[in-house]
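Some notes on the structure that comes next.
The values are calculated or read from the model by the stated rules, or taken from the named source; none is laboratory data. If you're wondering where the values come from, they're calculated on a predicted model, not measured in any experiment. Neighbour counts run over all protein chains shown; Cβ positions are idealised from the backbone, glycine included. SASA here: full protein model, heavy atoms, side chains in, ligands and nucleic acids out. Shrake-Rupley method; radii C 1.70, N 1.55, O 1.52, S 1.80 Å.
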Amino acid sequence: MKNTRIAVLVSGGGTNLQALIDAQQRGELGGGVIAAVISTKEGAYALERAAKAGIPGYVLPRKSYDSNQSMTVAMVEKLRELDIQLVVLAGCMVIFTEELTSAYPNAIMNVHPALIPVFCGKGFYGLHVHEAALAYGVKLSGATVHFVSPECDGGPIIAQKAVPVLENDTPETLQKRIMEEAEWILLPHAVKLFCEGRLSVNGRIVSIKEN
């Protein structure tokens, strides 16, 4: 799937977006091209990252819509208008409704800062995930890249990477380690596999074809 057009959906600083931009600049997205960055918040720093990389940025502010569903319908229209083939959620804080997964079945990826199925689902985002992991006393946490399904954090898993939890960790130090050692590596790799046409989904199982 050469020149797969990718839209990255963001709400904040865009550190995972930056990992994707860096991978694209190294030629490591398997022929994929980040064609758009769409923010659900005005003034998100992620839009500056996009502008610096010469990637068109768009804003669909969540507050402009009366429900997640009306926002989702508008997002699908925008993605179709931009001829997008792969949607990547990178720190996007909106829970989209089924219109998005219907429009892009097994073509929406999300990165989650834990080893799904633990510490995931409604309410588990940002530092809340790492607070929960530390409170539980797990010795390993990590990140998961998965396809998005109608169930929050419930779609088929593409890739996971474990990261050690250290004795003196705070939610902030654990977050930083998981981003650096797992999220920023896994997400570009999963996008590359998709763009190379190497992912197939059967029920909950994602198979990766050899190159």
Here the qualifying pairs (Cβ atoms under 8 Å; residues six or more apart or on different chains; first in the stretch 103-121 and within 11 Å of ALA132 (Cα to Cα) and without any contact (Cβ under 8 Å) to a residue 24 or more places away in the chain; second open to solvent by 20 Å² or more (accessible area, probe 1.4 Å) and part of a loop (DSSP other than H, G, I, E, B)) come out as VAL118/VAL138
Of residues in the stretch 13-41 being under 24 Å from GLN175 (Cβ atoms) and among the small types (Gly, Ala, Ser), the one most open to solvent (accessible area, probe 1.4 Å)
GLY13
Which residues, taken from the stretch 67-95, are crowded, with 19+ Cβ neighbours inside 10 Å, of a type in the set (A, V, I, L, M, F, W, C) and within 13 Å of the chain's Cα centre (by Cα)?
LEU86, VAL87, VAL88, LEU89, ALA90, CYS92
Select, from ALA74, ALA35, the only residue that is under 23 Å from TRP184 (Cα atoms) and outside any loop (DSSP other than H, G, I, E, B).
ALA35
Which members of the stretch 42-66 meet the condition of being part of a helix (DSSP H, G or I), open to solvent by 40 Å² or more (accessible area, probe 1.4 Å) and under 30 Å from GLY197 (Cα atoms)?
ARG49, ALA51, LYS52
Select from the stretch 108-124 the residues that are in a loop (DSSP other than H, G, I, E, B) and crowded, with 18+ Cβ neighbours inside 10 Å and list them in ascending order.
PRO113, ALA114, LEU115, ILE116, PHE119, CYS120, PHE124
Looking at the stretch 177-192, I want the residues that are touching a residue at least 40 places away in the same chain (Cβ under 8 Å) and buried (at least 18 other Cβ atoms within 10 Å of the Cβ) and have a partner that is in a helix (DSSP H, G or I) and β-branched (Val, Ile, Thr) with Cβ atoms under 9 Å, at least 6 apart or on another chain. Which pairs are those?
ILE178/VAL129; MET179/THR15; GLU183/THR15; TRP184/THR15
Is there any pair with a first residue in the stretch 153-175 that is closer than 22 Å to LYS122 by Cα and part of a strand (DSSP E or B) and a second that is open to solvent by less than 20 Å² (accessible area, probe 1.4 Å) and of a type in the set (Asp, Glu) whose Cβ atoms are under 9 Å apart and which are 6 or more apart or on different chains, and what are they?
LYS161/GLU183
